[in-house]
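Novice: Below is a structure I'd like to ask you about.
Since every read-out is calculated from the coordinates, none of them should be taken as a lab result. Because the structure is predicted, anything quoted here is derived from the model rather than measured. All Cβ positions, glycine included, derive from the backbone under ideal geometry; neighbour counts span all protein chains shown.
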Amino acid sequence: MHYRACVSLTRRGLSLVELLVVIAIIGLLMAVLLPAVQSARASANNSACLNNLRQIGLALQHYESAYEKYPRGGQHADLLPYLEQSQRLGRGQQVDTPPPVLLCPAENRRDPIQGSNTQIYTLGSNYAFSRGRWVVDTHDETPFSGRYRADQVKDGLTNTLALAEVKLSTPLLAQYTGLTRRPPTDSATFQNAAGTRYFLSSDGVNRSHTRWRDQAVEQVGFTTTFPPGTAVTYSVDDNVFDINVVGINGMFAAITARSHHGPWANVVFLDARVRPISGAIRAAEWQALSTPSGQEAMDSLP
């Protein structure tokens, strides 16, 4: 008679100490990997933002070739046929949002807000046209005065700004008085200045960069009054706002380029070249980049 030895196998679970060690290891791995993932995502968003600007720059070149001039004031709707977005030329009945190419991937304000017509909800664009240094839309300040062809830009297409990044729904000080044609040199100039304040989120489309089809400088433009990312502060009670400023009738404006990516602003030049411009750039150089025919001497850009 043969006997088969029976071996009893028992399962042993993890002890509390072992479980805590496993959890600690997983937590450590997450702590190591999460910043890398976030950095990769931020880099991808920045690359996508530059690609958006590149597409807009190429569309602007096609527009100039077709009409032999750049669009007056800069209007995104003018470029839609060259961005393969002709279907958006008609206003929607309920929501009037820009095509994805006009929104930075890092922008967190994506909900359209109610406009003056209660049936229309609208949103701004993260890419604004260069409208001058301080005095808006004059011939010597911007290529978008309505009179420039590419061959009339004496500073060269590679040295003249077309568009730059801005942030949607930026607080706005409008109808500011007491302005002169000389650009302010101190970003604290407007602290406690008189004017109409649109600072709160409840102010809706009256804030900057909330209406992508508009032609107003505070909606689809920027100026080079201050370098990218400069904080233009205005205090109300215990709240400090980083604002844009527009004078009466929009003749003067400090609409600052701002980015969600870092202390710089991604820009596209008239030749469709894209690059970030550091906030450390000298104000005079930044302002020179917006003029089409100033023939200013330029140093290497930061």
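Novice: Suppose the Debye formula is applied to equal point scatterers at every Cα of the chain; what is log10 I(q)/I(0) at q = 0.08, 0.13 Å⁻¹?
Specialist: -0.40, -0.90
Novice: Averaging the inverse of every distinct alpha carbon separation and then flipping it gives the Kirkwood radius. What is it for region 225-302, in angstrom units?
Specialist: About 14.1 Å, per the Kirkwood formula over Cα pairs.
Novice: Give me 64, 218 sorted ascending by neighbouring Cβ count inside 10 Å, so fewest comes first.
Specialist: Lowest count first: 64, 218.
Novice: Treating the beta-carbon of each Lys and Arg as +1 and of each Asp and Glu as -1, no other charges, what is the dipole magnitude of the chain about its Cα centre, to the nearest 20 debye?
Specialist: 840
Novice: Would you be so kind as to identify which of 104, 210, 74 lies farthest towards the positive end of the dipole of the chain, taking Lys and Arg as +1 and Asp and Glu as -1 on Cβ and the Cα centre as origin?
Specialist: Ranked along the dipole, the leading option is 104.
Novice: Past the 22 angstrom mark, what percentage of all C-alpha to C-alpha distances in region 144-262 do you count? Each step should come with its number before you reach the end.
Specialist: Working: 2460 of 7021 pairs.
So the portion of pairs separated by more than 22 Å is 35 percent.
Novice: Could you work out the helix-only [θ] at 222 nm for the chain, with each DSSP H run of four or more residues adding -39,500 (n - 2.57) and the total divided by the number of residues, to the nearest 500 deg cm²/dmol?
Specialist: It lands at -7500 deg cm²/dmol.
Novice: Using the number of other C-beta atoms within 10 angstrom as an exposure proxy, rank 243, 25 with the fewest first.
Specialist: The most exposed by this proxy come first: 25, 243.
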